[in-house]
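Okay, structure first, notes after.
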Amino acid sequence: MNAEIIAIGSEMLSGERVDTNSLYLTRELNKLGVEVVTKCVIGDDRDRLSAQVRQSMGRSAILILSGGLGPTEDDVTRDAVAQALDRKLIFDTGIADWLAQRFAAAKRKMAEVNKRQAYVIQGADVLSNDRGTAPGQWLEESGAVAILLPGPPHELKSMFERHCLPRLARIVPKQAIRTLFLRVAGMGESDLDQLIAPVYKKYENPVTTILAAAGDIQIHLRARCSTEAEAEALLAEVGGPVELLLGDRIYSRNGDPLEVVVGELLRAMHATVSVAESATGGMLGERFTSVPGSSEYFTGGFITYNNAMKMELLGVSPETLAEHGAVSKETAEAMALGARRRTNSTYALSITGAAGPESGDEKVPKGTMYVGVADAAGTTSLRRQFLGDRQRVRTFAVQMALDLLRRRITGRP
C-alpha cells in the first residue's frame, strides 16, 4: 500500500522552515508496511492544492495533509480538499462550542474567525485535538483515505498516534518494510555504483538508493514483504554480495556516522585521541565532540593556522617547514607527532592543506590536503587532492582523517 504526504503553507517554501512532519509520518507509515512514494510542499493556494489532492487520491491509497487547518484566510486545506472531492463544508456546532469553551478556560475571548475551524468536510470523521484548536479530519473516497492533520508537530504527532494509527492498522494489509543501511568511506559514488550495480539491478524489490556526500556514501536497500522474516531474508540475499564487494570500505551498518563509529572503537580500547588542525580550523575536533560522551576518549586539539603556531604549540621544526612547506607529508606527520606528545593521547590526527579558493603556493594545487596519524607504532600520512569549493574540500579532509583513524585502529591498510 502506498501513501503520499502534502505539507501545506507558504512559509514552508521559504528558506527558514523545514518540514519535519513528513519525516515523522514516513517513519510511522513504514512501521505499518506502507511505502511513502511522494512528498510535496504546496503554498497557501486553494486551486493548486485541490488539483494535487485529486491527483494523489487517484493514485495512492493514503493521503496525509499537514497544516492549513488554522482560523485565518490563508488556511485553505479544508476548502481545497472539499473542492477536490466535490463535497460541501458543514458547520459543526459541537466543534464551535468546544472551541469557545477552550478559549474560556484560558480566560480569553474567542475571535469570530476561529469559527472557521468548526467547518467539517461532508462525510468526514472529526479527529479531536488535545494540544491545540485545529481539529483534524478523516475521510474516505473511492477506496482511498485522506487525513487532514494540523501543522504544529506536537499537535500532529498526538493526533496521529491517538486517532490515525489504530485506524490505519485495521485497513493496511500486513506487510513488513525493512532497510539495510550501509555507509561507505574512501570511495567515489560512480566507482561504488559501477561495482555494486550488477548485484542490485537484478531486483526491483528491494529498492536500492545511493546517497552521496563529501567523503561519505550511504546505501539504502529497502525490502517490502509479507513478513519480517521474508524481508530480512531478501535483504540478506542482496545485501550479502554487496557487502562482500565493498569489504572494509563499509564503516557502518546501522546508519551511525563515522565519528560515532570511531568513538566506539576508541572507547572499546580505552584509547584516546587528539587533533592538530590547520586548513580545517577545528572541524575535526568538532566532529569528535559532537558525539555525547566523547570526553571519554577525546583529549583536545590544536588549531595551528600559521607556521609560528605549528612550531610553538606542536614542535614542528623550522627546518621541516622551510624545506617541505606547511602543506606537506612531513609537516602533517610532525603535527600529529607533536599533538600526541603534548596530550599523551593514544592516537593523534593532523590535517594541513590548501582548501582554496587559492592555494597561495604555486607548488601546492588548490584542494591538496594531507592527513597524518601518530600512535605508538609511529606516524604515517595520506595525500589527496579534492575538487570543489573550500567547504567541500575541508569536509572531505575531515572525513578522510576519521577513516584513516578507523583503519589504523582496526589494522586495515
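Structure data summary
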| read-out | value |
| --- | --- |
| Which label in (1) 102, 72, 43; (2) 59, 43, 35; (3) 85, 53, 41 gives the computed Cα extents along the principal axes in Å | (3) |
| Unit charges at the beta carbon, dipole of the chain: most positive-side option, T227, L29, T343 | T227 |
| Candidate lysines - alpha carbon under 17 Å from K310, same-chain residues fewer than 8 apart omitted | K329 |
| Within the stretch 2-171: Cβ-based charge dipole about Cα centre, in debye rounded to nearest 20 (Lys, Arg +1; Asp, Glu -1) | 420 debye |
| The chain - charge dipole about Cα centre, Lys and Arg +1 at Cβ, Asp and Glu -1, debye rounded to 20 | 520 debye |
| Positive-end residue of Q55, A118, I5, charge dipole of the stretch 2-171 with Cβ unit charges | A118 |
| Relative contact order, percent, the chain [alpha-carbon distance under 8 Å, six or more residues apart] | 10 percent |
| Within-12-Å neighbourhood charge of N30 [Cβ basis; K, R +1; D, E -1] | +3 |
| Whichever aspartates and glutamates have a C-alpha closer than 17 Å to that of K115, once near sequence neighbours (fewer than 8 apart) are set aside | E73, D74, D75, D79, D92, D97 |
| Peptides 370-379, 58-67 ordered by average Cβ neighbours within 10 Å, highest first | 58-67, 370-379 |
| About the Cα centre, charge dipole magnitude for the stretch 186-252 (Lys/Arg +1, Asp/Glu -1 at Cβ), debye | 140 debye |
| Positive dipole terminus of the chain, leading residue within G247, I409, A268 (C-beta point charges) | A268 |
| Filter on K157/K201; K109/K157; K157/K202; K39/K157; K39/K366 - keep pairs with C-alpha separation over 29 Å | K157/K201; K157/K202; K39/K366 |
| The stretch 1-137 - percent relative contact order, Cα under 8 Å, separation 6 or more | 23 percent |
| Cβ-defined net charge surrounding K310, 15 Å radius [Lys, Arg +1; Asp, Glu -1] | -2 |
| Separation of the I303 and R267 label points, Cα + 7 Å toward Cβ, nm | 2.7 nm |
| Helix-only CD estimate at 222 nm, as mean residue ellipticity for the chain, using -39500 (n - 2.57) per DSSP H run (n ≥ 4) | -12000 deg cm²/dmol |
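Values quoted throughout were computed directly from the atomic coordinates according to the rules given, and no laboratory measurement underlies them. Since the model is a prediction, treat every value here as computed from it, not as a measurement. Cβ sites come from the backbone with ideal geometry, for glycine too, and all protein chains shown count toward neighbours.
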